[in-house]
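What follows is a short report on a single structure.
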Ligand SMILES: Cc1cc2nc3c(=O)[nH]c(=O)nc-3n(C[C@H](O)[C@H](O)[C@H](O)COP(=O)(O)OP(=O)(O)OC[C@H]3O[C@@H](n4cnc5c(N)ncnc54)[C@H](O)[C@@H]3O)c2cc1C
């Protein structure tokens with residue numbers, strides 16, 4: 001799982017040629033906690049997709065840039081562009097389906 | 001070989017049922033659904049769970065429930081049940097990828113927050129409209145927030161949101177609150193909280209990327225006014241998660257599963273219901289856990305009686 005920071009975000013996400021799933025989360029958010037193991041497992045299965053996360057506590061500038069008003073929120077980037085955005089916890093299968101729509 | 005017991009749901013009811021059933025060697029199989037841990041995952045401090053005088057964080061508490069279920073051999077699948085067939089024994093429980101069969105089933109699918117169902121609500125979901133103050137309050141530092149609802153959860157959300165927001169305006173349909181005395185008191189004494197009575201939110205408006213206001217209808221004067229706000233937190237109560245069981249189990253008018261009074265027995269022999277899904281009155285973690293225990297014992301006795 002790639003830990004995104006204000007310093008590495010552009011290079012790791014915007015400049016990536018792979019599909020990138022970014023999870024905006026925080027340690028105090030229950031539903032975010034639910035998604036952590038789901039993300040880990042999917043990262044092991046969908047190896048061609050980059051799984052990354054942004055701790056909004058530490059990097060509120062990134063959250064602001066993408067107008068995040070709710071967590072967990074997931075953004076899918078393709079060629080540096082946001083191609084999908086959705087919020088809330090979900091099952092592994094549901095998240096997989098959301099990702100596979102774009103790969 | 002069919003399972004002996006399938007438990008649908010992983011809130012306090014489901015996990016308590018699992019702990020009891022696993023200790024009774026029923027080797028329960030649990031489907032967690034899309035909210036592993038249930039409603040308490042959406043809250044911060046639980047102050048009324050006996051044995052913890054200093055309170056405990058909801059998510060932490062549900063982590064411990066899960067560990068205790070697993071310790072006694074509960075198998076937990078992180079999946080949603082999408083279909084059930086209770087017409088013949090063994091019962092059939094399906095997910096989007098597989099089908100399972102079981103001699104007995106405990107339904108503990110709990111309840112989900114209701115939405116207003118007004119224009120703009122879906123469109124601005126995650127963009128200023130929220131049903132989870134603990135998740136999203138953080139993004140409203142020094143902003144103006146509206147909370148819709150007059151019950152305990154609305155008061156709790158309002159109080160919590162004042163940690164971040166500049167003002168919290170509670171929009172209440174009646175001219176009084178449904179919330180308990182202690183929760184009302186806390187909200188009324190909070191200088192950041194004010195109330196708009198006899199009023200309903202009819203529409204949520206925004207600039208395309210985020211919420212900018214709501215249209216409020218006063219049901220006494222029949223006037224509609226525009227109210228500027230950065231966020232709308234909806235706390236108008238919960239509805240039971242029983243869409244799956246319509247036509248398969250007896251439900252009451254509000255959609256709750258009907259159980260034989262003083263038990264968890266449904267109208268289908270071998271299917272039991274526990275927690276908020278069969279309780280429109282108490283709706284507490286401890287009562288959900290209590291009926292979860294009852295469901296495991298009811299299921300165990302029923303299975304034994306068949307042998
Ligand atoms: C914000 C908030 C604060 C609260 N604070 C307190 C408090 O301080 N003290 C207190 O006692 N109570 C509190 N409550 C109430 C308490 O959370 C509930 O009474 C309790 O969680 C009910 O437990 P349950 O097991 O019946 O259902 P839930 O907790 O609702 O769990 C339902 C489970 O069923 C699963 N599920 C649903 N559909 C499916 C499906 N199709 N397939 C598989 N699984 C499915 C879900 O994923 C979930 O795991 C609070 C509730 C909220 C929302």
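Tabulated values for the structure
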item: For A:23, A:58, B:136, order by how many other beta-carbon atoms lie within 10 Å, fewest first; result: A:58, A:23, B:136
item: Prolate/oblate/rounded label for region B:16-143 (Cα gyration tensor, a/c 1.5); result: oblate
item: Alpha-carbon centroid distance for the pair region B:65-142 / region B:229-247, whole angstrom; result: 12 Å
item: Distance (nanometres) between label positions extended 7 Å along Cα→Cβ at residue B:263 and residue A:78; result: 5.5 nm
item: Acute angle (nearest 10 degrees) that the helix B:285-306 long axis makes with the longest principal axis of chain B, alpha-carbon atoms; result: 20 degrees
item: Equivalent ellipsoid, chain A (semi-axes from 5 times Cα gyration tensor eigenvalues, Å); result: 18, 17, 12
item: Ellipsoid equivalent to the protein assembly as shown - semi-axes via the Cα gyration tensor, in Å; result: 36, 29, 19
item: Crossing angle, helix B:58-71 versus chain B [Cα axis fit, 0-90 degrees, rounded to tens]; result: 10 degrees
item: Zone residues, region B:277-296, relative to residue B:182, backbone N less than 20 Å from point 7 Å out along Cα-to-Cβ; result: B:281-290
item: Global form of region B:115-234, assessed from the alpha-carbon gyration tensor, a/c cut-off 1.5; result: oblate
item: Residues B:216, B:106, sorted so that the one with the fewest Cβ neighbours within 10 Å comes first; result: B:216, B:106
item: Ranked B:134, B:95, criterion: other C-beta atoms within 10 Å, fewest first; result: B:95, B:134
item: Beta bridges per DSSP with both ends in the protein assembly as shown, % antiparallel, nearest 5; result: 50 percent
item: MRE, 222 nm, helices only [DSSP H, n ≥ 4, -39500 (n - 2.57), over the protein assembly as shown, to nearest 500]; result: -7500 deg cm²/dmol
item: Among beta bridges that DSSP assigns inside region B:115-234, antiparallel share in %, nearest 5; result: 45 percent
item: Fraction of beta bridges assigned by DSSP in chain A that are antiparallel (%, nearest 5); result: 60 percent
item: Share of alpha-carbon pairs per 20 Å distance bin for chain B, given as whole %; result: 32, 51, 17, 0
item: Computed label-point distance, nm, for sites residue A:100 and residue A:10 using a 7 Å Cα→Cβ extension; result: 3.6 nm
item: Residues of region B:253-292 with amide N under 18 Å of the 7 Å Cα→Cβ point at residue B:301; result: B:259-275, B:290-292
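FYI, it's all coordinate maths here, none of it is from the lab. A quick note: this is a predicted structure, and the numbers were derived from the prediction, not measured. Note that we place each Cβ from the backbone using ideal geometry, even for glycine, and neighbour counts take in every protein chain shown.
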